[in-house]
Structure formats: structure tokens, C-alpha cells
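Structure record follows, encoded as C-alpha cells.
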Amino acid sequence: MPILTSAFLLALAAMVAIRYWLATRQLAALRRHRDAVPAAFAATITAADHARAAQYTTARLSLARLELLWDAVLLLGITLGGGFAMLDAWVARLHWAPLAHGVATLGLLTLAMAAAGLPFELYTTFRIEARFGFNRTTARLYLADLGRSLALGVALGAPLLALILALMTAAGRAWWLYAWAAWVLFGLAVSFLWPRFIAPLFNRFRPLEAGPLREAVERVMRHCGFSSEGVFVMDGSRRSSHGNAYFTGFGRHKRIVLYDTLVERLVPGEVEAVLAHELGHFRLHHIRQRLALGFAGALLGFAVLGRAALDPGFYTALGVPDPSAHAALALFALVVPVFTFLLAPLGSWWSRRHEYQADRFAAEHAEARLLASALVKLYRDNASTLTPDPLYSAWHDSHPPALARIAALERGR
């Protein structure tokens, strides 16, 4: 058995075993703590809300464990099981030009994988989310979103794939450097276009109307020295009752977006504090850091792919007998997450560090007690567990646990 095949199987087995074990620990922690609200939240979270959060997290995590096993079987079927090779051979019967052949094969692979995961997505949306009162998506809206996402994926993804495949076959050994530059430009272009042209395809955005909330928002923006194209309220309630806030775009085209569900549940001072937290990510350059790290990681990935694509053993070790540019791209995208899984705790730690920093920034530009009260409402209304397993949280969670986050805010008062 080739070394790469053995390494892939061992890495996949380790990834599945670790993720399943961590999920099992999380489920045990939920069962252990579901009947007792942590003392720090006893005055703000009822026992019923705490139990509901445990039940909601348990339902989602139990399904996630099944999906983890299904995804592993699917990955083995596509690679070592010969699934990609059969799909490639089927497309070859159409006798299209190599570039069209490659784009079609990758597109059909993406579509097939999305279809394989659709039952889990449907069950999550229309059973779990509906059972706990979060889902507001109708079947008609879901299908419309699915159609728009597919059309957008074709409109944006097909040209990018065609460009990268063309570079792989015609730009010489340094193709990966040109492909990386194209990837970076594509990412920046999508980030620029998203707020004005892409996001409105899925949601409606209206300017935040005059009143106490707008005054609070404008006050914190002035305090933070932040200017934007505007503050908008998004109709997130059309699909879910979950609440959130974010900002998007670059330069003069930055936008602040508040979910209508968030506006409904928080008082103006709490929205001001939440917004100060989001602005903290911007002022502390977290967004730039994450973009830079993402682009650096992509550069490393394209460089490794540039070498792997030249080795016939790379293809045969992963179940593909005939080397090609599109096969190299597909196999690399499929197997890299398996080998980089052990880096997940580092990414989670870095993200949590940014969250603490943004909380401190918010406490300097708004009231820490209002940020804490807003977070408690969000934990309660989103049915977020207050008692995660420490190892599970350290590995997976991009945000600090509720107890640690609220305690840090209280210490900083």
C-alpha cells in the first residue's frame, strides 16, 4: 500500500475518532449539567431555558455525529472507492475540450457532495430548528435559496475553476503562484461585491430608521472613529429567529448590519455594546489578520499542490488512475482537511483570543454591563449551552464559553 494511502487512512481514522470522542464528551457534559443553571446565570437564565439549550445542543450534536460518519464513508467512496474516477470517465464520454471537461467534472462532484449532505441539512432546518422554535424558513423559500445559491455558485465558481485549470495546464511550473494571485483577487472581489450585489439576492436590507437605537449606534461609531456606508437592518427573521450583527465590505463601502431579531430583543444600549464589540474586530485589525492568514495558507496550499500535481503517485494513492489538472485540484481539496484537522485547536484559540480583545474594546467604548446583559440574552434566545465540555470547546469553539466570557467582562469593570 502506498505511503500516502496509509497516511490518508490513518489521518481520516484519527480525525473521525477524535471528533466523535469530543462530541461524546460534549453530550455527557450536557447531560451532567442540564438540570442546574450555573450560579453566575441563576438570576438571568431560567431552569427551563437552560434545559432547552441542553436539549437543542444535544439534538444538533447527535445528528452531527451521524453526519461525521457519513462524510467519512462518502470521502472514502469518492477517493479510494473510485467514485471520482467513475465520474471523470463518465464526463469523458461527452468528448468535450479538456477545460470544459475539467470544469464539468468538478462542478458535478460539488453538486453530488452537496446532494449527499442535503438530508442532514433538511433535517436540521425543518425538524431540529423547527422543534425548538427557531426555523421560519418555508419549503418555498428554502428551494428559492437553493436555486439562487446554485446559480451564484455557477456564475462565480465556474469562471474561477476554468481560470485555475487553464493556469495549471498552460502557465508552466509556476502556475500555482498565478493561481494563488487569482484566488486572492477573487476573494477580494467577492468581499467588495457582497454587501451591495450578492447579499441582497437572499435578504432585504433597510436603513436603520431614526430613533434612540440609531442615536446609540451613531454614538458608538463616533466614539470608535468608525465611518461606514450606512447601518442596515436585515430581515433575518424570514428564515430563523436567531439573532446576530456584523459588518461587511471594505473602505468607503463598509456596512453595519443588524438582524431584525437582534433589534427586537435588545435595548438600544445593549445593541450599542454589541456593535462596539463588532467594531472592535475592525479597529484591532482582526479582519485583516484573518484575511492575511487565509491568503498565506492558500499560498502554502497552492505551492504544495503544485508539487503534488506532478507526481503520478499522488493520484493512484488516492484512487485516481489518470492524472489531470482537475483530478489534482479535486483530490487536494478533499484530502487536505483530513491532514490539517489537528490545527483546528490553534484556529479556535486564536479566534477566542480575538473575541476577548473585542470584548475589552467594547467595554472601553460602551458599558460592559450592557454587553454582558446582551450576551446573556443572546445565549438564552439562541439556546446556546452554558456548560460545554472544556476539551470540546477548546477544540471547536470560535467564541469563549459563556461563563469565562461574562467573568472576563465583570473583572474588567
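The values are calculated or read from the model by the stated rules, or taken from the named source; none is laboratory data. Treat the numbers as computed from the prediction; the structure is a model and nothing was measured. Methodologically, a virtual Cβ is constructed for each residue, glycine included, from the backbone with ideal geometry; neighbour enumeration extends over all protein chains shown.
From the set of residues in the range 336-358 that are touching a helix residue (DSSP H, G or I) at 6+ places or on another chain (Cβ under 6 Å) and in contact (Cβ under 8 Å) with a residue 60 or more places away in the chain, which is nearest to residue 61 (Cα to Cα)? Filtering first and then ranking leaves 341. Selection of the range 358-403 for residues being closer than 19 Å to residue 34 by Cβ and either among the charged types (D, E, K, R) or part of a loop (DSSP other than H, G, I, E, B) (or both) yields 380, 381, 382, 383, 384, 385, 386, 387, 388, 389, 397, 401. If you check 257, 233 for being at pLDDT 90 or above and within 30 Å of residue 130 (Cβ to Cβ), only one passes: 233.
The rows are residues; the columns are (1) over 30 Å from residue 6 (Cβ atoms); (2) out of contact with any strand residue (DSSP E or B) (no Cβ under 6 Å at 6 or more places or on another chain); (3) not in a helix (DSSP H, G or I).
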| residue | (1), (2), (3) |
| --- | --- |
| 77 | no, yes, no |
| 80 | no, yes, yes |
| 89 | no, yes, no |
| 103 | yes, yes, no |
| 108 | no, yes, no |
| 123 | yes, yes, no |
| 146 | yes, yes, no |
| 162 | yes, yes, no |
| 174 | yes, yes, no |
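Is it fair to say residue 223 is within 15 Å of residue 364 (Cα to Cα) and either modelled with pLDDT of 85 or more or in a loop (DSSP other than H, G, I, E, B) (or both)? Judged against the criteria, residue 223 is not a match. Reported count of residues in the range 359-390, each being in contact with a Phe, Trp or Tyr (Cβ under 9 Å, 6 or more places away or on another chain) and not β-branched (Val, Ile, Thr), is 6. Restricting attention to the range 261-277, does a residue exist that is on the phi < 0 side of the Ramachandran plot, surrounded by 21 or more Cβ atoms within 10 Å (Cβ to Cβ), at pLDDT 95 or above and of a type in the set (Gly, Ala, Ser)? Within the range 261-277, not a single residue is on the phi < 0 side of the Ramachandran plot, surrounded by 21 or more Cβ atoms within 10 Å (Cβ to Cβ), at pLDDT 95 or above and of a type in the set (Gly, Ala, Ser).
So for the range 304-312 (the condition being in contact with a Gly (Cβ under 8 Å, 6 or more places away or on another chain) and part of a helix (DSSP H, G or I)), does at least one residue qualify?
Here is the first cut: in the range 304-312, the residues in contact with a Gly (Cβ under 8 Å, 6 or more places away or on another chain) are none.
Within the range 304-312, not a single residue is in contact with a Gly (Cβ under 8 Å, 6 or more places away or on another chain) and part of a helix (DSSP H, G or I).
Within the range 145-165, the residues that satisfy the criterion of being of a type in the set (A, V, I, L, M) and touching a Gly at 6+ places or on another chain (Cβ under 9 Å) are 154, 158, 161, 162, 165. Selection of the range 204-213 for residues being of a type in the set (D, E, K, R) and either surrounded by 15 or more Cβ atoms within 10 Å (Cβ to Cβ) or assigned to a strand (DSSP E or B) (or both) yields only 206.
Can you tell which of 303, 296, 330, 325 is closer than 30 Å to residue 8 by Cα, among the aliphatic types (A, V, I, L, M) and touching a Ser or Thr at 6+ places or on another chain (Cβ under 6 Å)? Before the answer, list the steps.
Working: 303 fails: touching a Ser or Thr at 6+ places or on another chain (Cβ under 6 Å); 296 fails: touching a Ser or Thr at 6+ places or on another chain (Cβ under 6 Å); 330 fails: touching a Ser or Thr at 6+ places or on another chain (Cβ under 6 Å).
Of 303, 296, 330, 325, the one residue that is closer than 30 Å to residue 8 by Cα, among the aliphatic types (A, V, I, L, M) and touching a Ser or Thr at 6+ places or on another chain (Cβ under 6 Å) is 325.
Considering only residues that are among the small types (Gly, Ala, Ser) and buried (at least 16 other Cβ atoms within 10 Å of the Cβ), look in the range 238-258 and name the one that is nearest to residue 195 (Cα to Cα). Per the criteria, the residue is 249. Taken over the range 88-98, the criterion of being surrounded by fewer than 18 Cβ atoms within 10 Å (Cβ to Cβ), of a type in the set (A, V, I, L, M, F, W, C) and touching a helix residue (DSSP H, G or I) at 6+ places or on another chain (Cβ under 8 Å) is satisfied by 92, 94, 96.
Please determine, by comparing only the residues of the range 53-80 that are among the small types (Gly, Ala, Ser) and more than 25 Å from residue 330 (Cα to Cα), which one is surrounded by the fewest Cβ atoms within 10 Å (Cβ to Cβ). Walk me through it before giving the result.
Of the range 53-80, the ones among the small types (Gly, Ala, Ser) are 53-54, 59, 62, 64, 72, 77.
So of that shortlist, the ones also more than 25 Å from residue 330 (Cα to Cα) come out as 53-54, 59, 62.
Numbers: 53: 24, 54: 22, 59: 18, 62: 13.
That would be 62.
Here the range 163-173 is the region considered, the condition is being surrounded by fewer than 20 Cβ atoms within 10 Å (Cβ to Cβ) and touching a residue at least 60 places away in the same chain (Cβ under 8 Å), and the residue that is nearest to residue 310 (Cα to Cα) is 173.
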